[in-house]
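These notes concern the structure reproduced below.
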Amino acid sequence: MWKQLAQPTDAVRYFHPGWFASVMGTGILAVATAHSAPFVPALKGLAAVLWAFNTVLCLVLLVPWVARWLFFFNEAWTDTSHPTRGPFYSTLPIGLLVLGVDFASIGRQYIGAGLAIPVAQGLWIAGTLLAFFFGVLIPYKWFTSHSVPVEQTNGGWFMPPVANIVVPASAAPLIATWGSPELCYFMCLVAFAFLGIGFFLFLIVAVMLIARLVYHPLPPAHLAPTLWIGLGPIGVGSLALVRLSTTASPIFGEMVPQAQVFLRLASLALWGFGVWWLATAIVLTLRYLREPFPFAMSWWAFTFPLGAYTVATYLLADAYRVAILAGFGFALWLLLLFFWTVVLVRTAIGTYTGTLLQGPIPPPSAR
């Protein structure tokens, strides 16, 4: 085991910031699986298993993540400036936020709302603070280093925007659980504020990435999956809007019907953009398959973005009562399950052999 490591402590020293993408992918699969239960009732039990597994996975990964900052601070801090590894620090807050949704939507059925909701609220608070922190820190490091070539722009840069958009998406099902009307009102305001942070950062990064794809060669093969991450803010933003159309009523006042119509139409429009991004990501991935396609932690990018888009599809199908959308959502879930299974198995193998626990590769250069 870990035969390719020079010494066991290297597993912590070189612990990749993106490991919590596995928590993100597993967590969103659990939510999407719960939404797929109307098609196959047995999937309700699978969703519960995924929630339990994701809870353990998160706790296990927290140990090396924290240990790295305590014992190998220089390496951890240096990664915040890395054009590939740096943005993946945002996988931790996203993982916490998604796990909170797992507890609120799935866990409460098994451990009771009295325990599940406080846990979900605590995860939401921690995830929100960390999402904002890394959303400021990572760009700041790049702004002040002036050493990131344009050709090193990659889809991983969507991670900080995604983290901030996940804040309102995960806040929506919790708004009514905070007790006092004043606190519920405040949570609605926080949700829309973070939606603005994440969405506009997404637009900025999307322009940078598309310009990079147009004017420079495609990124190296190990970064190909990061092109799927653009589907993340689209899917999360879409599901956040449709959920807030119902749960954020405390701030709508007498405009509740109008606000619901507007937010659901905005959600549908954003979802439509996702159709284009999904198709583009698929054809680009197929192009990469013409040559060696090495496994890396970036493969987890195949899971969470697609999962978020799948859940958004289900929510819009319910909102507009369109059966064909629900069927499309189930097809997306099947693809998501396939990706998650493949990536989980490859991750387990890479962990056992130590290939995923080695030092970082140099910043990618254009091909």
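The table below lists the values:
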quantity	calculated
Most mobile listed residue (127, 253, 100) in the chain, GNM with C-alpha springs under 10 Å	253
0 to 90° range, to nearest 10: angle between helix 323-353 axis and the chain longest Cα axis	30 degrees
Restricting the range 238-313 to trypsin sites (Lys or Arg not before Pro) in coil, as DSSP defines it, with at most 13 other Cβ within 10 Å	290
Within the range 178-193: backbone nitrogen closer than 11 Å to the residue 254 label point (7 Å, Cα to C-beta)	none
Most fluctuating residue given options 178, 340, 19, as computed from a GNM of the chain linking Cα atoms under 10 Å	178
Over the range 242-292, equivalent-ellipsoid semi-axes from the Cα gyration tensor in Å	39, 9, 4
Computed magnitude of the charge dipole of the chain (debye, nearest 20; Cβ of K, R +1, Cβ of D, E -1)	480 debye
Degrees, to the nearest 10: 21-36 long Cα axis against longest axis of the chain	30 degrees
Helix axis angle, 113-145 relative to the chain longest principal axis, alpha carbon, degrees	50 degrees
The range 243-367, relative contact order in percent, only Cα pairs under 8 angstrom and at least six apart counted	21 percent
Choice from 62, 70, 332 showing the highest fluctuation, given a GNM over the chain with Cα pairs closer than 10 Å	70
Rounded Å value of the spacing that divides the Cα centres of the range 158-181 and the range 1-75	21 Å
Length released on extending from residue 334 to residue 9, taking residue separation times 0.36 nm less the Cα-Cα span	113.2 nm
Computed Kirkwood radius, in angstrom, where 1/r is averaged over Cα pairs of the range 152-198	11.4 Å
Distance in nm between pseudo-label sites at residue 323 and residue 69 (7 Å out along the Cβ direction from Cα)	5.1 nm
R0 of 30 Å, Cβ-Cβ distance residue 282-residue 262: FRET efficiency to nearest 0.05	0.45
Kirkwood Rh and Cα Rg combined as Rg/Rh, the range 10-357	0.95
Percent of Cα-Cα distances greater than 17 Å, calculated over the range 1-139	63 percent
Convex hull volume of the range 90-231 per residue (C-alpha atoms, cubic angstrom)	107 Å³
Inter-probe distance in nm under a simple model that places probes 7 Å from Cα toward Cβ, at residue 295 and residue 352	1.0 nm
Helix-only [θ]222 nm of the chain, DSSP H runs n ≥ 4, -39500 (n - 2.57) each, per residue, nearest 500	-23500 deg cm²/dmol
In nm, spacing of pseudo-spin labels at residue 189 and residue 62 (7 Å Cα→C-beta vector)	3.0 nm
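Any read-out appearing in this document is the output of simple, stated calculations on the displayed coordinates, not a laboratory observation. Since this is a predicted model, take the numbers as computed values, not measurements. When we count neighbours, we look across all protein chains shown, and the Cβ atoms used for this are built from the backbone with ideal geometry, even at glycine.
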